[in-house]
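Report on the following structure.
No lab work stands behind these numbers, since they all come straight from the coordinates. The structure displayed is predicted, hence computed values, not measured ones. Every residue, glycine as well, gets a Cβ built from its backbone with ideal geometry; the counts of neighbours run over all protein chains shown.
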Amino acid sequence: MATATGPDRGIRRPRRLGRPGLRTLLTVTMAGLALTTVVLLALVVAEVAGRRQAAEIGDSLDELAFQMSDKLDRAMFERWRDIRIIAARPVLRGDDTAAKRVALEILQQTYPDYAWIGFTDVQGRVLASTGRLLEGEDVSARPWFVGALKGPFAGDVHKALLLERLLTNPDPGTPLRFVDVSMPVMAEGGLIGVVGAHLSWSWADDIRRSLIAPGESRSGTDILVVDKDGAVLLGPRALEGQKLDLPGLTAGSRDPGPWVETWPDGDRAYLTALHRSQGFRDYPGLGWTVVVRQPVDQALAPVRDLRRLILWGAVAIAATACGFALWLAARIASPLDRLSRAARRVGETSSPDEVPLDGGYREVRDLAWSLQRMIAALTQKQEELVRANLGLEARVAERTAELTAEIAERRKVEQDREDLIQRLKRMAETDFLTGVMNRRSFFDIAGRELAAARRYVRALAVIVLDIDHFKRINDRYGHGTGDEILKGVAKRLADEMRAGGILARFGGEEFVILLQEADQDAALATAERLRTALADRSFGLIDGSCLTVTASLGLATADSETGSIDDLITRADAALYRAKDAGRNRVEAG
């Protein structure tokens, strides 16, 4: 390549081969801008329209959940009103049992989902009932009778007990389940009895079927009814009885609105919405929550189709814009092409007269002059920058040393903070006197263990231990000695539990032990070993004397009816009181 001399000395002529022309650059630039603008606009429109349509789909699920919840509340209110009306009828205050039975059967005929309606005396003996079922039986222990003694009562879904062997089950594959409504029957002398009704839970499924149109059933839409504890009362067979951990099911939590949730049955993502039961008029409600779900791939299929249509339209518009950009680039680049050819001829012939002045751009001449001045200025700036870099490197090295020391100091502060956090965590999770786990930490771990035992069908047991006559120890020897006994008992229990189990102080002189993968026999053996470890060896006191301590223990094992760790501890506590009533220093199973 030739090097210019004179005024052009040091200026090298650029290569032309392989470089795109102005027309190509303008075409590519304008087409790219048009294409980018159209595509981005299409994406924005598709996203906005898709979100709006998705919101409408979510609102439809919300509305379906509301309709189901409202129909359940209204249907329960009607049954509530039926039983209140029958409770107020004079026939129930008379002595004619046959007339009472006829009145109850007429009510049953008006609404066939009444599986059973009965009238009892104040002692809980059934005096009259539909179909004569349970007449003469004692139902005083049933929740619907006990609740009605205090006022109008509605009971949540439960399995049939006394009536299961007397009623015909239309679906032998599933147990009979009822919802209870009962009212006190009053006379001038006060309470004379209770009228109660078992409403077949199948009516809720009938309501569900009436709300799901054939098209929605094919799209996989499910309606579930969940009780106040999160257990599924109505829904797909695989989920009935399971406890759901979904946003919004917790009492007092806010309605999350429609959201996407991965459900446990099949590990599939669903668009989910819920609505809480609010009761209706004077019917207070049972805390039900209606959950509606639909597979995301089916629920959002219209959104995908809309976005696809918008994007294909954008492609067509972009192709048109590219054609227009090609035409416009040719119009803009033509004068510059003529100027470029003329400039090359000038360089070859050194004849400035051949440069055409018409049709050119003043900005091109100004640009060449501006570039020369810019290069000179940049050369000067570069020399100044080299000098500045030398000083900057020295300052950077100095600052680096300062930052290294500062980082080391911060790491030390962070480590001290982490140590303090760990100490505070141990203090929060440990009983300060005995050193074993405290009640709050025990409930956190026990709740997770119970959930894991249900999921993997493993055995789980709880033992509640209470030191016998501990108040006498405090009264006779003082609270200091009582504290030493508590620490000694905790240590001895912890030593015995090294093979497995979780020990915590439940409060006062009471301890609780959680046994993983332990059935009732294993739990009984462990409880007996703990009782013997306390009773067979005395504790040394400060004054040199010895004191023998015994304990009463109650245990319970988890089963399919266990709703929470509180239920399990309640059963174990009941067994503990039986052990105390039987003479203490013994083990009872609940």
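On the basis of the beta-carbon distance and an R0 of 56 Å, Ala535 and Arg125 show a calculated FRET efficiency of 0.75. What you get for the range 89-204, charging only the Cβ of Lys and Arg (+1) and of Asp and Glu (-1), is a dipole of about 60 debye around the Cα centre. Taken along its principal axes, the alpha carbon cloud of the range 440-503 reaches lengths of 49, 21, 18 Å, longest axis first. With θ taken as phi - 60° and the Karplus curve 6.51 cos²θ - 1.76 cosθ + 1.60 applied, the whole-hertz 3J(HN,Hα) list for the range 541-549 is 9, 5, 7, x, 7, 10, 9, 8, 10 Hz, x standing for glycine and proline. Each label point was placed 7 Å from the Cα along the Cα-to-Cβ direction; for Glu78 and Ala582 their separation is 5.2 nm.
Across the range 28-44, rounded Karplus estimates of 3J(HN,Hα) from the backbone phi angles (6.51 cos²θ - 1.76 cosθ + 1.60, θ = phi - 60°) give 5, 5, 5, 5, x, 5, 4, 4, 4, 4, 5, 5, 4, 4, 5, 5, 5 Hz, Gly and Pro being marked x. Diffusion coefficient of the range 89-204 by Stokes-Einstein, Kirkwood radius over Cα pairs, 37 °C, 0.692 mPa s: 230 µm²/s.
Each residue of the range 562-575 was assigned a 3J(HN,Hα) from its phi angle through the Karplus curve 6.51 cos²θ - 1.76 cosθ + 1.60 (θ = phi - 60°); the sequence is 6, x, 7, 5, 4, 4, 5, 5, 4, 5, 5, 5, 4, 5 Hz, with glycine and proline shown as x. Extension gain for the segment Thr430 to Asp521, taken as residue separation times 0.36 nm less the Cα-Cα distance, is 29.8 nm to one decimal.
For Phe506, the amide hydrogen comes within under 5 Å of the amide hydrogens of Phe511, Val512, counting only partners 5 or more places away or on other chains and with H modelled in the peptide plane. Among the listed pairs Lys412/Lys491; Lys243/Lys487; Lys228/Lys487; Lys71/Lys243; Lys228/Lys580; Lys159/Lys580, those with a Cα-Cα distance over 30 Å are Lys412/Lys491; Lys243/Lys487; Lys228/Lys487; Lys228/Lys580; Lys159/Lys580. Against the compact-protein benchmark of 2.2 N^0.38 Å, the Cα-based radius of gyration of the range 439-589 scales to 1.05.
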